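The values are calculated or read from the model by the stated rules, or taken from the named source; none is laboratory data. All values derive from a computational prediction rather than experimental measurement. Please note: Cβ atoms are built from the backbone with ideal geometry, for glycine as well, and neighbour counts cover all protein chains shown.
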Amino acid sequence: MIRPAAVLLLAGCCPALLCAACTIDRSVGAGVDAGDPLAGWFEVRLDGPACLPQPVRSPTDSGCRVEDVVPNGDGVTFTVRPVPACATTAPPCWRLEARTACPEQQGLRLGLTLDRGGTTPPAGSFARARCPIPAT
């Protein structure tokens with residue numbers, strides 16, 4: 001069953017999230033059900049440096065989880081591989097950084113960058129970040 005999404009799937013970095021390069025897919029992700037493990041999270045697809053469409057709890061402790069999603073070769077299933085934060089390891093890793101092209105969120109303009117350290121991602125794979133929406 002497809003439920004209304006509490007997760008946004010975003011490609012690229014778009015000021016005000018209104019440009020043609022942005023793709024928002026409301027059919028993917030979690031509902032607003034309190035029992036749903038992804039309720040209260042947003043998702044960003046990392047096809048390059050990506051802006052955050054929502055505020056995060058802190059630029060130094062965002063709570064984001066970044067993953068590489070790699071096809072298994074059967075055309076149906078994928079393997080999800082966690083990518084650590086650059087604060088804890090060398091590349092491949094991810095980091096939040098100031099980006100003037102991104103929309104302002106709580107006085108900050110933040111983007112998420114996946115640093116692969118010069119390596120090429122596996123064919124057909126994509127990376128995604130899931131970040132908790134801070135309590136208001």
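Kindly indicate which of ARG116, ARG130, ARG95 is within 16 Å of TRP41 (Cβ to Cβ) and out of contact with any helix residue (DSSP H, G or I) (no Cβ under 9 Å at 6 or more places or on another chain).
That would be ARG130, the only listed residue that is within 16 Å of TRP41 (Cβ to Cβ) and out of contact with any helix residue (DSSP H, G or I) (no Cβ under 9 Å at 6 or more places or on another chain).
Would you point out which residue out of THR60, THR100 is modelled with pLDDT of 50 or more, under 16 Å from PRO132 (Cβ atoms), surrounded by fewer than 17 Cβ atoms within 10 Å (Cβ to Cβ) and out of contact with any helix residue (DSSP H, G or I) (no Cβ under 9 Å at 6 or more places or on another chain)?
The conditions single out THR60.
Among VAL80, VAL70, VAL66, which is under 18 Å from CYS131 (Cβ atoms), surrounded by 16 or more Cβ atoms within 10 Å (Cβ to Cβ) and at pLDDT 85 or above?
Going through VAL80, VAL70, VAL66 in turn, the sole match is VAL66.
Among the residues of the stretch 117-136, write down those that are under 16 Å from ARG95 (Cα atoms), more than 15 Å from the chain's Cα centre (by Cα) and either surrounded by 15 or more Cβ atoms within 10 Å (Cβ to Cβ) or among the β-branched types (Val, Ile, Thr) (or both).
none
Quick check on GLY12: is it on the phi > 0 side of the Ramachandran plot and at pLDDT below 50?
Yes; evaluated as a whole, the condition is true for this residue.
Quick check on PRO82: is it over 12 Å from the mean Cα position of the chain (by Cα), touching a residue at least 12 places away in the same chain (Cβ under 8 Å) and assigned to a loop (DSSP other than H, G, I, E, B)?
Against the criterion (over 12 Å from the mean Cα position of the chain (by Cα), touching a residue at least 12 places away in the same chain (Cβ under 8 Å) and assigned to a loop (DSSP other than H, G, I, E, B)), PRO82 does not qualify.
Under 7 Å by Cβ, and 6 or more places apart or on different chains, what pairs join a residue from the stretch 45-73 that is basic (Lys, Arg) with one that is outside any strand (DSSP E or B) and surrounded by 20 or more Cβ atoms within 10 Å (Cβ to Cβ)?
From residues that are basic (Lys, Arg), the pairs are ARG45/LEU10.
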